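The values are calculated or read from the model by the stated rules, or taken from the named source; none is laboratory data. The shown structure was predicted, so the numbers you read here are calculated from the model rather than taken from an experiment. Here the Cβ is made from the backbone with ideal geometry for all residues, glycine too, and neighbour counts use every protein chain on show. In case anyone asks, the SASA skips ligands and DNA or RNA and just uses the protein heavy atoms, side chains included. Shrake-Rupley method; radii C 1.70, N 1.55, O 1.52, S 1.80 Å.
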Amino acid sequence: QVQLVESGGGLVQAGGSLRLSCAASGKIFNIGVMGWDRQAPGKQRELVASITSAGSTTYADSVKGRFAISRDNTKNAMYLQMNNLKPEDTGVYYCYADIKDGIYATWQVFWGQGIQVTVSS
């Protein structure tokens with residue numbers, strides 16, 4: 001079974017930085033798109049950033065210029081460098097990955113359990 005585990009969250013003051021990591025493990029043949037969503041209190045879950053296996057990235061307008069997504073395909077890992085954090089960045093961050101567990105398998109999306117990021121003003 002495939003598992004995604006997030007790390008690196010916590011409490012930071014506005015203007016500070018955090019680096020989130022997401023590690024995929026288990027029966028993995030190939031990983032396609034990886035990304036981060038977040039769930040802010042009282043708001044709908046939103047896409048924060050995503051990255052393809054070739055390294056193409058997309059970002060929510062609210063984080064462009066402040067966040068940077070990257071991945072290490074040799075480690076089945078993904079990262080989100082978050083700079084100049086704002087209180088509105090507070091929320092639970094979830095990593096996800098589109099994964100095949102075998103050469104003839106179909107693509108499935110797997111999610112991490114989520115990690116709390118809190119930005120104080």
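Among the residues of the range 79-108, what is the count of those that are farther than 30 Å from VAL12 by Cα, open to solvent by 50 Å² or more (accessible area, probe 1.4 Å) and touching a strand residue (DSSP E or B) at 6+ places or on another chain (Cβ under 9 Å)?
Number of matching residues: 5.
Within the range 84-94, can one find any residue that is of a type in the set (Asp, Glu) and either part of a strand (DSSP E or B) or over 20 Å from SER121 (Cα atoms) (or both)?
Within the range 84-94, the first condition is being of a type in the set (Asp, Glu), and the residues that meet it are 88-89.
After this cut, where a residue has to be either part of a strand (DSSP E or B) or over 20 Å from SER121 (Cα atoms) (or both) as well, the list is none.
So far as the range 84-94 goes, no, none of its residues is of a type in the set (Asp, Glu) and either part of a strand (DSSP E or B) or over 20 Å from SER121 (Cα atoms) (or both).
Do we find that ARG19 is closer than 13 Å to TYR79 by Cβ and outside any loop (DSSP other than H, G, I, E, B) in this structure?
It is true that ARG19 is closer than 13 Å to TYR79 by Cβ and outside any loop (DSSP other than H, G, I, E, B).
Since ASP37 meets every condition but one in (1) among the acidic types (Asp, Glu); (2) within 11 Å of the chain's Cα centre (by Cα); (3) assigned to a helix (DSSP H, G or I), which condition does it not meet?
Of everything listed in (1) among the acidic types (Asp, Glu); (2) within 11 Å of the chain's Cα centre (by Cα); (3) assigned to a helix (DSSP H, G or I), ASP37 misses just condition (3).
Please determine whether any residue of the range 22-38 is open to solvent by 60 Å² or more (accessible area, probe 1.4 Å) and more than 25 Å from TYR104 (Cβ to Cβ).
No - not one qualifying residue is present in the range 22-38.
Output the residues belonging to the range 61-71 that are of a type in the set (Lys, Arg) and touching a residue at least 12 places away in the same chain (Cβ under 8 Å).
Selection gives ARG66, ARG71.
Across the range 109-121, which residue is modelled with the lowest pLDDT among those that are hydroxyl-bearing (Ser, Thr, Tyr) and surrounded by fewer than 12 Cβ atoms within 10 Å (Cβ to Cβ)?
Going residue by residue through the range 109-121, those that are hydroxyl-bearing (Ser, Thr, Tyr) are 118, 120-121.
Remaining after also requiring surrounded by fewer than 12 Cβ atoms within 10 Å (Cβ to Cβ): 120-121.
Numbers: SER120: 97, SER121: 93.
Only one residue tops the list, namely SER121.
If a residue must be free of Cβ contacts under 8 Å to residues at least 40 places away in the same chain, of a type in the set (A, V, I, L, M, F, W, C) and either over 16 Å from GLY91 (Cα atoms) or open to solvent by less than 30 Å² (accessible area, probe 1.4 Å) (or both), how many such residues does the range 39-60 contain?
Counting residues in the range 39-60 that are free of Cβ contacts under 8 Å to residues at least 40 places away in the same chain, of a type in the set (A, V, I, L, M, F, W, C) and either over 16 Å from GLY91 (Cα atoms) or open to solvent by less than 30 Å² (accessible area, probe 1.4 Å) (or both) gives 4.
Based on what the data block shows, is THR74 loosely packed, with under 15 Cβ neighbours inside 10 Å and either among the aliphatic types (A, V, I, L, M) or over 15 Å from SER21 (Cα atoms) (or both)?
Criteria not met by THR74.
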